[in-house]
1. State whether the stretch 40-132 is rounded, prolate or oblate according to the following rule on the C-alpha gyration tensor (a ≥ b ≥ c being the square roots of its eigenvalues): a/c under 1.5 gives rounded; otherwise a/b larger than b/c gives prolate, and the remaining case gives oblate.
2. Tabulate in residue order the Karplus-calculated ³J(HN,Hα) for the stretch 39-49, using 6.51 cos²θ - 1.76 cosθ + 1.60 with θ = phi - 60°, rounded to whole Hz; enter x for Gly and Pro.
3. Which percent of the accessible area of the stretch 12-57 is formed by carbon and sulfur heavy atoms (probe 1.4 angstrom)?
4. How much net charge surrounds VAL27 when only the other residues with a Cβ under 15 Å from the Cβ of VAL27 are counted, with Lys and Arg +1 and Asp and Glu -1?
5. Ignoring trypsin sites (Lys or Arg not before Pro) that are buried or in helix or strand per DSSP, and keeping those with at most 11 other beta carbon atoms within 10 Å, what is the longest stretch of the chain between them?
6. Restrict the search to the stretch 49-154; then list the GluC sites (Glu not before Pro) that DSSP places in a loop and that have at most 13 other Cβ atoms within 10 Å of their Cβ.
7. Could you list, in their original order, any pairs among LYS13/LYS149; LYS102/LYS136; LYS60/LYS117; LYS65/LYS92; LYS12/LYS42 whose Cα atoms are separated by more than 18 Å?
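The values are calculated or read from the model by the stated rules, or taken from the named source; none is laboratory data. In this text, all values refer to a predicted model and were calculated from it rather than measured experimentally. Heads up, the Cβs are rebuilt from the backbone with ideal geometry, glycines too, and the neighbour counts pull from every protein chain shown. Accessible surface is based on the protein model in full, side chains and every heavy atom, while ligands, DNA and RNA are left aside. Shrake-Rupley method; radii C 1.70, N 1.55, O 1.52, S 1.80 Å.
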Amino acid sequence: MNFMNQAFILAKKALTHDDVPIGAVIVQNGKIIARGENRVQKSKNPTLHAEIVAISNACKKLGQKFLDGCDLYVTLEPCAMCATAISFARIKNIYFAATDEKGGGITANTRVFENDKHLWKPNIIQMPEFAEQSAKMLRDFFKQQRQNKKETKW
């Protein structure tokens, strides 16, 4: 099973409720234990990014606040908020598809884990073989959003 492909299925699910198409899965011992897709628009809550939803679901399932030994697969580089939540949850590895030059919190913009005083530093692995798939999905989504705005102007 390819965990990143499962994250892409969730990203497509986010599209069904007009959310930015980002999906995440949390894996423990080779099995998916939690899933999440962006729910910002659906729930009218700016904190419900795919990673946060997946972390919340994993903690609930395991009945604990730390996700030691778990891996996170996400279709876009986590933002600073999500990177910090990943640290607080003590996730072992982050696998992500595309970098986020504007909002990325790991390799692009704020680079949360470059501070030696950070509580927990996961291993960070970009999966470039999935980068274009993620970038295209995001470009198409935002192109459609811009088009919808043009159509609603008087």
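1. rounded
2. For the stretch 39-49, the Karplus curve yields 10, 4, 6, 4, 9, 6, 9, x, 8, 8, 6 Hz.
3. Values: 1070 of 2200 Å².
Using a 1.4 Å probe with all protein chains present, the stretch 12-57 comes out at 49 percent carbon and sulfur.
4. Values: positive: LYS31, ARG35, LYS61, ARG90, LYS92; negative: GLU51, ASP68, ASP71.
Taking every other residue near VAL27 into account, the sum is +2.
5. On the way: sites that count: LYS44, LYS65, LYS102, LYS117, LYS153.
Looking at the chain, 1-43 is the longest stretch - no exposed trypsin sites (Lys or Arg not before Pro) with at most 11 other Cβ atoms within 10 Å.
6. On the way: sites: GLU51, GLU101, GLU114, GLU129, GLU132, GLU151; in loops: GLU101.
Loop-located and lightly packed - GLU101.
7. Details: LYS13/LYS149 22 Å; LYS102/LYS136 16 Å; LYS60/LYS117 28 Å; LYS65/LYS92 14 Å; LYS12/LYS42 14 Å.
Table pairs above 18 Å Cα-Cα are LYS13/LYS149; LYS60/LYS117.
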